[in-house]
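Trainee: Please see the structure below; I have some questions.
The values are calculated or read from the model by the stated rules, or taken from the named source; none is laboratory data. These figures come from a predicted structure and were not determined experimentally. For the accessible areas, the whole protein counts, side chains as well, though only heavy atoms, and no ligand, DNA or RNA atoms are used. Shrake-Rupley method; radii C 1.70, N 1.55, O 1.52, S 1.80 Å.
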Amino acid sequence: FGGQLDFIAELLIKDKITLCFSECTWNEFKRVLRYPHIKKVLEAHGLSEEALLSRLSVQALFFANTDSSIEVAGDLSDEAVLACAETALAGAVVTGDQDLLALAEQFPIPILTPRQFKTFVGQHVQK
């Protein structure tokens, strides 16, 4: 995928990390996969949206939609991400979303950029 996303993809393939979704976050993920720049990356790696979703639907953990302990004004998808992370007892939330990153100090689970996550994993996951 390029850069830090290659690292995350490698961790997924090696079963070192698990993605967690709720119905809301899964739908948001599917929406994001339709962005033209994301579609180009998938195509460059010989992946289709359908193939990626099929693989992740088997590999990921799915949780019921719940409410977050933090309200995110005006962005229900961000609130759904935080609620899913809390429900899943996630080790981290990895995002490029600036609104979510701005909540990092208020949230009990680390909210990290992909670059920060690479460092975090180096400190917390056995190789």
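Trainee: What does the accessible area of S54 come to, in Å² to the nearest 10, when a probe of 1.4 Å is used?
Mentor: Here the accessible area works out near 70 Å².
Trainee: So which lysines pass the test for K30, namely a Cα distance under 23 Å, with those fewer than 8 places away in the same chain ruled out?
Mentor: K14, K16, K39, K40
Trainee: Ignoring ligands and nucleic acids, what accessible area does T66 show with a 1.4 Å probe (Å², nearest 10)?
Mentor: Only protein atoms counted, so the area is about 60 Å².
Trainee: Please work out the average accessible area per residue across region 1-55, using the 1.4 Å probe convention, and give it in Å².
Mentor: On the way: 3530 Å² over 55 residues.
For region 1-55, the per-residue accessible area is 64 Å².
Trainee: Now, a different point. Sequence neighbours fewer than 8 away in the same chain don't count; with that in mind, list the aspartates and glutamates whose C-alpha is under 15 Å from K118.
Mentor: D6, E10
Trainee: Could you tell me the ratio Rg/Rh of the chain? Both radii from Cα atoms, Rh via Kirkwood. If you can, show how the numbers build up before the last one.
Mentor: Details: Rg = 14.3 Å, Rh = 15.3 Å.
On the Cα set of the chain, Rg over Rh gives 0.94.
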